[in-house]
Amino acid sequence: MHSIKSLTLDELAGRFADLGEPAYRARQVIEWLYRKRVGRFGEMTNLPAALREKLSAEFDEQPLEVACRTGSDDTTRKFLFRLRDGQMVETVLIPASPALYGEASDRRTICISSQVGCAYGCKFCASGLDGWKRNLDAGEIVDQFLRVEGESGERINNIVFMGMGEPLANYDHLLRAIGILNAPWGAGVGARHITVSTSGLVPRIRDLADQPLSIRLAISLHGATDEVRDRIMPVNKRYPLAELLEACRYFRGRKKQKLTFEFILIKGVNDSLAQAGELGRITTRLDAKVNVIPYNTVEGLSWERPSERVQDAFMEELRRGGAVATIRREKGHDIAAACGQLRLRTLADETAETGGSTRGSEKPVAADAGVN
Ligand code: SF4
């Protein structure tokens, strides 16, 4: 059964025509979903009862169920959602201040997952620990936004695809979801307030540059040389740094807006002054900006956070050549590094209760699976 939140207004009107219903009914349903934020067909009171029944039989109205939530109103809040097939994804709501990318604003940012697990196996990341399970469909992506707004009672005005999964490996569903989140009849979030983050899928970066919406791009760089990226990010073997930076240049040329580099600072791996200098050169050449995020420890992984002294020296060296760089030391902003932690912990707790195992049940997936 399809999620109704996967469909555009035109597609829904087409489906209504197939059901023998007038097109204005589709607009009424869209208004309930995206203006009044009512997801249950039974509560759409201006629809005839027979139509509500038809819709319930035809569409999945609520693909996500809240399994758990953590955090309070003035902190980062995490929502763990259970999907129809029992899989789980995590969505994070980041409060107005501090905002992402050093902007002092009233932004409320949601960090959305695009896949269950991840095939890319970055060595520092919790999401890749349990392998890739599946792509989310557009309805599951859109519903994260709607459900977090509903659960938190807050209006969200900034979206980052930095949750679990590699968004560009789920390109078609991602673009469809972004279209619905951006549409005036949909969630109405401006394209410039939507950021897609990628570990470096070069062909898809070019595709993203060629599509019409002016969405933003963030690159999870985490290493300023092939040597460092090869060590911690298997995707770099497929798309080495020079190719990645060329694709960034292409994106920058097409979209005329600044790129962001995310750089998780890991002790003894990428925290040297040489890395800082090279990162600075890359950043200024591309007129990009950098977010440096000192590593937050992930259970089951041995990487460590550098000392504050090392962090400060890194930032000083990075900025020496004029690079625009911010450092986010807040514990709550460990999204990119630890987006799968809550899910893994909950799955572990559940299997401990049932005596089962969460590991080893799925097929192994190649580190570059899903790259087109
Ligand atoms: S950092 Fe991103 S691409 Fe790498 S394993 Fe984690 S979720 Fe996947």
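The values are calculated or read from the model by the stated rules, or taken from the named source; none is laboratory data. Given the structure is predicted, the values throughout are model-derived calculations rather than measurements. Glycine gets a Cβ as well: all are built from the backbone with ideal geometry, and neighbour counts include every protein chain shown.
Brief remarks follow.
- Unmet requirement for Asp60, which otherwise passes all of (1) surrounded by fewer than 17 Cβ atoms within 10 Å (Cβ to Cβ); (2) charged (D, E, K, R); (3) more than 21 Å from the chain's Cα centre (by Cα): (1)
- Of the strands (runs of 3 or more DSSP E) lying entirely inside the stretch 216-329, those containing at least 2 residues that are closer than 21 Å to Cys118 by Cα span 216-220, 260-265.
- Residues of the stretch 216-266 satisfying the condition of being over 19 Å from the mean Cα position of the chain (by Cα), within 14 Å of the ligand (Cβ to nearest atom) and among the small types (Gly, Ala, Ser): Gly223
- Of the residues making up the stretch 207-215, not a single one is in contact (Cβ under 8 Å) with a residue 60 or more places away in the chain and outside the structural domain of Glu11 (by TED's automatic domain parsing).
- Residues being over 18 Å from Phe161 (Cβ atoms) and in contact (Cβ under 8 Å) with a residue 40 or more places away in the chain - total across the stretch 56-72: 11
- Exclusive hit being modelled with pLDDT of 90 or more and in contact with a helix residue (DSSP H, G or I) (Cβ under 6 Å, 6 or more places away or on another chain), set Glu90, Glu61, Glu65, Glu53: Glu90
- Gly153 vs. criteria out of contact with any Lys or Arg (no Cβ under 6 Å at 6 or more places or on another chain) and free of Cβ contacts under 8 Å to residues at least 12 places away in the same chain: yes
- Asp73 vs. criteria in contact with a Pro (Cβ under 9 Å, 6 or more places away or on another chain), more than 21 Å from Ile219 (Cβ to Cβ) and modelled with pLDDT of 90 or more: no
- From the list Gly188, Gly200, Gly163, the lone residue that is part of a loop (DSSP other than H, G, I, E, B), more than 16 Å from the ligand (Cβ to nearest atom) and not aromatic (Phe, Trp, Tyr) is Gly188.
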